[in-house]
1. Please count how many residues of the stretch 19-44 are under 19 Å from Glu61 (Cα atoms) and acidic (Asp, Glu).
2. Could you check how many residues of the stretch 24-82 are surrounded by 14 or more Cβ atoms within 10 Å (Cβ to Cβ), part of a helix (DSSP H, G or I) and in contact (Cβ under 8 Å) with a residue 24 or more places away in the chain?
Amino acid sequence: MVTGEIILANSLTLEQIEERVRKVVCSQLGVEPEEVNPGSQFVDDLGADSLDLTELAIAFEDEFELEIPESDFGKLSTVANVVSYLNGRLNG
């Protein structure tokens, strides 16, 4: 049962995941928090290029202590996509 308690203690809510994703996006792309919303597209709305997208993925890996396969990078085009993806990975 100790393992179950640890998993519960490490679970993040959607709101917590979104807050951390927004912080990473602002830091990596140099944008203001008010520019970042769930529907924000990294390339079209926030001006990211392919290098920025790779650096974002690495920053998400570091922030959430997990590995994101390169094959999944293309699925992560908006803040909402990233939050949903990370929620699935973190909270099963």
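1. Here the count works out to 1.
2. Number of matching residues: 14.
Values quoted throughout were computed directly from the atomic coordinates according to the rules given, and no laboratory measurement underlies them. Every value quoted in this text rests on a predicted model; they were computed, and no experiment measured them. Don't worry about glycine lacking a Cβ; one is built from the backbone with ideal geometry, like all the others, and counts go over all protein chains shown.
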